[in-house]
Each structure stands twice: as C-alpha cells, then as structure tokens.
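This report concerns only the one structure given below.
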Amino acid sequence: MDFGPHFLIASLEGAITAAILALTAMGLSIVFGVMRVVNVAHGEFYMLGAVIAWWVAHLIGIHPALGFVAALLLAPLLVGVLAAAADKLILQKIGYDPDRTIVGTIGLLYIIQQSTLMTFGPDARPVQPPFNTRLSIPWFEFGDNGFEIIWPWGLGTTSYKLFVIFAAIVILTGLWAVMTRTKIGLIMRATQQDNEMARAFGVPVERVYAWVFGLGAALAAAGAVLVVPIQQAHYLMGGDPLLLSFIVVIIGGLGSLPGTVIAAIFIGMSDGIISVFFSPTLAKIIATLVVAMVLVFRPQGLLGKANP
Amino acid sequence: MNKKNTIISSITRRTALKALGAGTIVASGALPRLGGYAQAQSSEPIKIGFQVHRTGIGAAYGRWYDRTTNAAAQRINDMGGINGRPVEIIAEDDGTDPKRGAEVVEKFATQHGCDIAFGTLFSHVVFGSAPRAGELKIPYFVVSEGHHVASGKLNRYTLQPGITDVKSQVQAMAPFVSDNLGKKVTMIFPDFAFGHDHRDYFSEAIERQGGEVVAKIAIPPTETSFTKYFPNIPRDTEVVYHVMVGPAVLTFVKELGEFFGPSRPEIFGFIDSLEAVDINSPGLEFLEGTYFWEGMPRYAQPDQTSHDKAYRAAVGVDDNGASTSDAKDVSTFAHMFGCWETLNIVKKGMEAADYKGPDDRAKLIEAVEAMSDMPLSDDHPQGAKLFNGKTHQAFGHQYISKVKDGRLDLSHTTSIEDTFYDDEVDYTKQPF
Amino acid sequence: MTDTRRSQALHAGVILLLIALFFVLPAYHVGNLARILVLAVYAMGYNLLFGYTGLLSLGHALFFAAGMYGLGMTMQFFDLDPATAFGSGLIAALVVSAVVGFLALRTSGVAFMIVTLMFAQAGYLTILYFGEYTRGDEGFVIQQAERVFAGFDLTGPTERYVAALLLFSVCFSLIAYIVQSPFGRSLVAIRENEERAKMLGYDVVRHKLKAVIISGVMSGAAGAGYALLFGYAGATFATVQYSILPLLWVLLGGAGVTIGPLIGTAFMFYLIDYSSSITTAYMLVAGVVLVLLTLFAPQGLAGEIRKRALPWLP
C-alpha cells in the first residue's frame, strides 16, 4: 500500500485506540486524582464491563442494537456498584494507605479474574456490533490525468469504529460538564484538592470516595462495552488497558483531566503511526521508549505542574 | 467391566484421593478375571501427572485437554486399566507459565509419586518443565505440537508421540498452497518462537515448490488490534497465510476480512487462528471459500470413520466439533486428540515394558522408542502415524479443509511422507 | 544483647535453620525451598530499593532477565563455564541497572514507577525482537551436562540446594550489613524525608543510584541463579507479572525488614501450592488471603512481628 493511504489507516486505528484509552484512563485518573491510590484492579473492572456486555447482549438477544444499548447502560452501572462496594469493604477499612491498597487490589484482581474464569469460562466471546458496514475511503493522486480520486485496495474502516470515536467524545464531554458545571463535580474537585478542608466544610469524604471509585470503574466498563464488538470479552483482557491507562494518567500529569485526554491521544496515535515506519515489534519498542523518555525529561507529565 | 466403579476422572487432588480408594477396591476385585499373572501385581493405580493449562492464556485449550484426557483415562480403565492396574489422573494447573510448569513437574515426581508426567500444550511451558523432568528422571509426554522435542533441544525423558510437530505440519502445506492457491505468499504470524517456526519452515518449503514469500508480518504478542499492520501486505500477494494464537484470534481474523472488503486474495490459515471459536461468529462470513489446516477435522465428514465417531462420543463432542451439552462451546478439536492418543501410547508402552513402578521408567521410554507404526484405530482416531524413536516425535497425516456454508469440509489429506524431514537428534544415544 | 548483636544472631540463625531444614524436609519441599531461596534473593534486591530507599519500581523483571540472559546467552553461544557466565549475568544486570537508574532517577514517585515499567516492557519486547538468538517466549534450555560447577553437578538435589543456599546467604548477609551501615541508614533517611536528607548534605541522587544498582545486580544474581539451577531461560520472566511479584512478596513479608522477602516469597509459594491442591479456584483463595492480609497485617508478616514483638528487627 502507498504511504499516504497506509498513514491514514494507521492514524484511524490509532484514533480508535486513543478513544477507548481516553475513557479507561479517565476512570483511573479520577480515582488517582481524588483518592491518590493505585488501583491495580482497574483493568479487571474493564474486563468485567466487557463480560457483562456479552452477558446482557446474550440474554436480550432480540436485535444486536438493542442488546448493545442495554449493555452500554447496564454494564457500567453494575461494575460501578461493585467497585463502590469494594471501596467500602476494603479500601476504606485500610484508610487508602498506598502500599496496602496495592496488595489489596492485587487480591481483588485475582478474585475477579478467577470468578470470571469459573462462570464465564476461558473463551473469547464476541458481541455483535449494532451496525457494522465497511466504508471504503477514497484517496487522491496526481497521475497522468492530473488530479484523480481513487479507491485504494484495503483502505477502509467500519461504521462501528467511527461510532466508537464519536461515543467516546460524547461520554467525555458529558463527564467534563459534570465535573465543571455541577455540584457533584465541585465536591469532587474540592475533595481532590484538600480532603481535610473538604471534610471541614461538611463534605462526606468517605461517600465521595466510594462514588469516585465507582465512577472510575464505570468509565472503564463503558470503554470496554464500546470495544467489545471490535475485540471480544475474555477473562484476561484487563492487563493491557491497566498498564496503558496507568501510563496515560502519569504522562498526562497526575489528576489533570485534560492532560489525560491529551496523553491518551498521544499514546494511541503514536502507537498507530509509528507502526507505519517500522516492523511491528520494533515499532512497539520504539513507542514504549518514546513514552519513557517523555517522562524522563518531563517527570511531571505533559500538563502537570512542576514540583507537585 | 465394572464401568461404574473404575471411572477415575479426577479434577482435584482431593477428589483424586477419594477416587483412589474406590479404584483400589474395585481393581483388586477385578484383577483375578484378567488372568493369573495379574494377581501377584500391585493393584495400586498408575498415577499420571497431568499438567494442564487451567488458568492463563492457554485456559481455553486446557479445558478441552482436561475433558479429552479424562475420557481417555476412563476408556482405558473400562478396558481393564494398564497391566491390570487402574489409571489415575492427577491434574495440576501450570497457569500456562514455564516457572509454575517446572514446579508442577517436580510436584508430580516428588510429592504425588506419579509414574509419568503428561499433557502440556504451550511450548514455553514445555521448555521450562523439560529440564526438571530430565533431572528427576520422570518420563514427560507432551502434547504440544512444538518442534522442541524433535529439534534435540530437550532430553531423553521428553517425548511427543501423540501429536505431530509444527515443522512437519507447515512443510506439508506448501505443495497444496502452491498448486492450488498461488505462488506469492504473505505470511502473518505472532512474533514469538511458534510464529518463527511457521515463518522459517514454510518459507523454505514454498521455495522448494517454486513459490516465494513476498512479505513476513510478525505481530507482537498481546496486540489487540491488527488493521494497522495489514497495509504491509503487498498488492501482488496471491495468498495470505495466517496463524495466530491467544484470545485475540477472532479480532485478528475479523479485521483481516474488514481490511480486504470485497477483493480478498486467497486465504490459507492454521486453525489455531480460530481454535475454540465458532466459525459462524459474526464478522467471519468472508472466510467462506478459504482454507484451513486442521490437525483433525472439526466437523464430522461424510466418510467419517467409526474411530472418529467413537472418539467424539467418548469426549462429548458433537458433529460440529462443539460440546454435546452446549453447542456454543466449541472444542480445540485440532489439537486435543493428542491427549487421547498419547495416553493410549503410554498404555501400550507400559504393557510392552511390563511396567511395575518408577524403577521401570527407563524401560517404558525404551518401549515407546521401539514403536513405529501406529495404525488408524480407536486408539488413534486422528489417523495413522509413524513414530520416530530417535527424535521422540510422531509423524502423521495433515488435513486441509475449505470453509463451505459455514462448515469446514475436508478438501485434501497429505500423506505421512509429506511431513518427513531429516532427523536432527538421536535421543536413544543419550544415557538415562 | 545490643541490637547489632541480636541482628547478627538472627541472620546467622536463619541460615542455620535453612541448613537444618535440608535434613528434615522431604524431597519435594527441599526442591521448593531451593526455588524459594533463589526467588527470595530477587525479593531482597527489590526490598533494598523499595523497603529501605522508598523507590517503587515496576520494572525489576528487566534486571532479573538481564542476569538470566547474561548467563544463559553466554553459556549458549560462547560455551562459558557456569562461574564465568554467572559473572557475565551480574555484569549485564549492572550495566542495565546503571543505565535505567541514571535515566529513571530523574523522576520520582509514580513517574518512577511508570518509567521503570516502560523500560522493562521495552526490554521484554527486545528479547522477542531478537528471537532468532533468544528464542523469544519459548526460551531455551541450558542442558544438564553444562550445569557443572567446580566438579559439582548443580542439577542434583543436594548440590542445587547448597548452591541456592549459598547465593541466598551471601545476599542475605550483604543486605544485613548494608542496612546497618551508614550508607543503609542514609537510604532510610532519604526514604523518610528526602528534603531533609538533602539539607543534611547527602548526595541524594548518588545514593539512590547506588541503591538501584545494588538492587538491580542482586535481582540479576537471582535471575542468573534461577537459569543455572533450573536450566531454563525464557521471555516470560521479563514480563510485567514478574515485576509485580517481588513487590507482592516484599509487601506480604514486610517491606524494610531484612527477613521480610524470604517470608513473603515462601508464604506466597505455599499459598498457591496448597490452595491449588484444595481447589481449582486457587487464585480465588489467594485473592481472598491477600485482601485479608491487607486488612489485618498491614505491615506485612515480618512487619507485624516487628511492630508487636521484636522492635529491633533490622
């Protein structure tokens, strides 16, 4: 394939990765920003979102679109409630101590993974997309006949993939509105900046934490519901999103929500675009080192303040 | 005989221990009927340590390896066991991890007192475990289709008699691909050793047929989206050769279809790319008319043998290769027969060696090394095989199926000779 | 008895106990203990950086793998004898940890976690990329015949246990010495309050770099030891999972306690081993136990002992 179309297809793929990553990482970023804890089980909430999506779509099963919409509403809700319960039962009891949270959430990870394996099984299970038309993309060239529109072989995407990007933007915009325009957002931001002060002003910090933890998990689940018609639900699918979200949150600058979005776009797009120039594994190595070097020379992240 | 009682299909050590008690009682009752010589022998069960991928990336395979192994053990027990002794399967999860794999082999040898270890699939687990098996001098029968055993990198205690290896599978495909599909091949494979074996052995083989590999696209492991790599497929490609493993296989195949749209080249894949996946999953419609290598045909064919029929019934697999209790639960049919056949070979080997206990382990290996012809039978439902005692590797027929109306129809069977290559090792020269 | 004396007695006692266990335990557990000792070296290396210096790395699998491949590759391709190959494993770990330390120490806190994680990930992919030599994920076997050191066949149960115990004892004593030394105490000072340590005139970055290198080389020693004693090197050991394991072992056993890593490693090993013989859902059991431990033994097992009974534990 020529360079131009190749570049376009890689960028499109990068954009889809970025969209999902932005949602998943935003969940982790909110938790990290407000509660200052490392939630190792975040990827498992993502996985649960996908598994519940399969389950809901499977149960409803009348029309793929109906099942999908139901999953998009139900999966984040269920996962969010479960996460909030985990917060109450475990994290609150250990006072959000950073080290203990790591061990506790690793424990949670084992529990969720094994329970899924025992109920859902080890197979990767697909969810049918609500719509999925292959869209060929035109390209141009200056040939013998001057400017021409052509339809290169293989250059295309699907309507569902474009929808994923759109849906991620809608959800993130909604989240941004909540965080900046509503009282809930105000309380969350106040707790993030100084939880002692927030407590003094009568903010029920414990309850806010449970909500935040639930919201973070729900965002991961939402990302998973969007991705599951492209990929499949599988009990080990949480590993990569966890690592990538982590990286995105730190690169973006701790607790900076716009930074998280920018970093997600940076990482998703670079993953796609670097693959144009190098052999696949080498591209992964380079993309990984690029991200590491960004942090080495800008430890506070892209939008973080120096000396946090 | 005694069908109800000698069934030992253990899942955990605890159930195994319970079953052991029952098995011993029944076996001692059954023995006199097997002939006088049996009376003198111990009625203790023969313990087979079963290293199974219950968790980790191999879990989808592990579940079916488990079912096949238990079915095979039950059949052997129904037929009177081995040397009059019942077989007991002691299963331990290796987590599809080479470190745990080695620990599990050690546990079989020194804790459970197993007679042999058996069963694992993923080749890195084989590599991690084989040194311990050799040191502990416990025969280690793998069902992995890796080229590790025949390459000479392992040791005299490691054998692969029940399934063919990737080198022979891959090279046997080249004549079919070049005669029927095209000469210019693009290969897409995972960027680890298993994928590299495909790359190297197929490239060599297709060049011998006058074809060429025009591009080799290695996909990094744990990758979950693939479209961005497909533009590297050259426009003049006549055949795309694909093989992928792991949970993302369905995404891979689906995205391949979406990439080509209406104008796809010929496609030839290893069924590994869709093992345990329903071929009628949404998004796979484009596979109609493409070809797959199969270790054993997933769909019952019109000329189905009685052996295939009996094997399916015993394991609980229907004519579409799915579980008889859940049509959505598709088996790993192209690989799991290896567990069945390996256990039958172990039985034959133990009988030939008059195996009595761990002291006879070397005799067991020599007995298996002495085997060569393994005819198509209930013991070998996948087909006839030739075992090479020097390289500890079996060779057999390979199947190529075409997707037609959402089924895999057998379209070509290779000869066993197609799969031969020169010996790379002679394990029989190594001391025990 | 002074605290120093007590500490010396404790460390000598642990080593004596491990010698005694060899004669008491059945074969299976001797084999396990050899494994645990090698992995505990890995955890001890990790503990120096995490428990004593306060730097949380998520990339130690890189150092473990550097030692493993430093030994494995040189034995494979240059036919080095085990001792020299072990040395080259240590050198590989030294070089890798010096480079990673130099770059990663420009960051701190969570950024340090991520940078080390990314370097380790790049290292893992590099092993796969050079699959022609490393055999990628599948790895390679170091044949029994090659694993002979000074006339001792390291694959025999006794020789293996002795070798593992020797490696462990050297590292264990070294750690005990380091944490009691002025250098070790300044690491703790940095952990407790970096600003203050700086004001007191410590060259904080230099101290941290030293800690990263010692920790990295010790992890590399464990990697090389594992490959030599168990005959296998593979890319699995360079994955993220193997970076998280030492963190888990150290947190379970007790961070910043010299015997913590050994206790944590042994505990986790037997937790998996025993629960898997009770149920196939052993990960569920392991998960529940981890959660309970965080709830009821927040300092890790040895940490709790220190808090409740033996405040002098180093």
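All of the numbers you see were taken from the coordinates with simple rules; none came from a lab. Remember, it's a predicted structure, so these values are computed and weren't measured experimentally. All Cβ positions, even for glycine, are placed from backbone atoms using ideal geometry, and neighbour counts span all protein chains on display.
Per-structure values
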| item | result |
| --- | --- |
| Mean separation of Cα contacts under 8 Å, 6 or more apart, over the residue count of chain C: relative contact order % | 32 |
| Order by protection proxy (mean Cβ within 10 Å, highest first), peptides A:187-198, A:151-162 | A:151-162, A:187-198 |
| Whether chain C is rounded, prolate or oblate, judged on the alpha carbon gyration tensor where a/c under 1.5 counts as rounded | rounded |
| Among C:288, C:100, C:30, residue whose mean-square fluctuation peaks in a GNM of chain C (springs only between Cα atoms under 10 Å) | C:288 |
| Per-bin percent of Cα-Cα distances, chain A [10 Å] | 6, 25, 33, 23, 9, 3, 1, 0 |
| Taking chain A and dividing mean pair separation by its residue count, relative contact order in percent (alpha carbons under 8 Å, at least six apart) | 37 |
| Fraction of the pair-distance distribution of chain B above 34 Å, Cα-Cα pairs, percent | 29 |
| Per-residue HN-Hα couplings for the stretch B:403-413 [Karplus 6.51, -1.76, 1.60; θ = phi - 60°; Hz; x = Gly/Pro] | 7, 9, 6, x, 10, 9, 9, 4, 10, 7, 10 |
| Burial ranking of peptide ranges B:404-412, A:126-134 (average Cβ count within 10 Å, highest at the top) | A:126-134, B:404-412 |
| Calculated from backbone phi, Karplus (6.51, -1.76, 1.60) coupling profile of the stretch A:139-146 in Hz, x at Gly/Pro | 9, 10, 8, 9, x, 5, 9, x |
| Long-range HN-HN contacts of residue B:213 with modeled amide H, under 5 Å | B:185 |
| Binned Cα-Cα distance frequencies in the stretch B:261-348 - 10 Å width, integer % | 15, 44, 29, 9, 2, 0 |
| Theoretical FRET efficiency, 1/(1+(r/R0)^6), r = Cβ-Cβ of residue B:428 and residue B:285, R0 41 Å, to 0.05 | 0.20 |
| Rg over Rh, two decimals, the stretch B:180-322 (C-alpha only, Kirkwood Rh) | 0.99 |
| Chain C, helix-only ellipticity at 222 nm - DSSP H runs n ≥ 4, -39,500 (n - 2.57), divided by all residues, nearest 500 | -25000 deg cm²/dmol |
| Projected label distance in nm at residue C:309 and residue B:390, using a 7 Å step from Cα toward the beta-carbon | 6.3 |
| Among B:226, B:395, B:189: highest mean-square fluctuation, GNM of chain B, C-alpha pairs under 10 Å | B:226 |
| Long-range amide H partners of residue B:219 with built H, under 5 Å | B:189, B:191 |
| Sum of -39500 (n - 2.57) over DSSP H runs of 4+, divided by residues of chain B (222 nm, nearest 500) | -10500 deg cm²/dmol |
| Percent of alpha-carbon pairs separated by more than 47 Å within the protein assembly as shown | 29 |
| Residue-averaged beta-carbon neighbours from other chains (10 angstrom radius) around A:132-139 | 2 |
| 10 Å Cβ neighbours from other chains, averaged over peptide A:229-235 | 6 |
| For C:200, C:103, C:37, A:254, order by how many other beta-carbon atoms lie within 10 Å, fewest first | C:200, C:103, A:254, C:37 |
| Subset of A:93/B:107; A:88/C:208; B:137/B:167 violating a 32 Å alpha-carbon distance limit | A:93/B:107; A:88/C:208 |
| 0 to 90° range, to nearest 10: angle between helix B:249-260 axis and chain B longest Cα axis | 20 |
| Cleavage-rule hits, trypsin sites (Lys or Arg not before Pro), the stretch C:90-189, DSSP coil, Cβ neighbours within 10 Å at most 14 | none |
| Mean ellipticity per residue at 222 nm, deg cm²/dmol - from DSSP H runs of n ≥ 4 across chain A, formula -39500 (n - 2.57) | -23500 deg cm²/dmol |
| Nearest-ten-degree value, helix B:306-315 long axis tilted from longest Cα axis of chain B | 70 |
| For A:153-164, mean number of other protein chain Cβ atoms within 10 Å | 3 |
| Under Karplus coefficients 6.51, -1.76 and 1.60, residue-wise ³J(HN,Hα) of the stretch A:242-252 in Hz, glycine/proline x | 4, 4, 5, 4, 3, 4, 4, 4, 6, 4, x |
| Amide H within-cut-off set for residue B:143, under 5 Å, with H built and near neighbours excluded | B:119, B:120 |
| Anisotropy class of the stretch A:37-179 from Cα gyration tensor, a/c 1.5 cut | prolate |
| Average Cα contact separation per residue, chain B, under 8 Å, 6 or more apart, as relative contact order % | 15 |
| Highest to lowest packing among C:234-247, A:172-185, scored as the average C-beta count within 10 Å | C:234-247, A:172-185 |
| Dipole magnitude of chain B, debye to nearest 20 (Cβ charges: Lys/Arg +1, Asp/Glu -1, about Cα centre) | 1260 |
| Tilt relative to chain A, helix A:257-277 - C-alpha long axis, 0 to 90 degrees, to 10 | 30 |
| Positive-end residue of C:253, A:229, C:226, charge dipole of the protein assembly as shown with Cβ unit charges | C:253 |
| Those aspartates and glutamates that a straight Cα-Cα span of less than 19 Å connects to residue B:404, excepting residues fewer than 8 apart in one chain | B:266, B:272, B:275, B:278, B:285, B:288, B:294, B:303, B:318, B:319 |
| Added length on full extension, which subtracts the Cα-Cα distance from 0.36 nm per residue, residue A:59 to residue A:2 | 16.0 nm |
| For chain B, built as a Gaussian network whose Cα springs stay under 10 Å, the top-fluctuating residue of B:394, B:327, B:59 | B:327 |
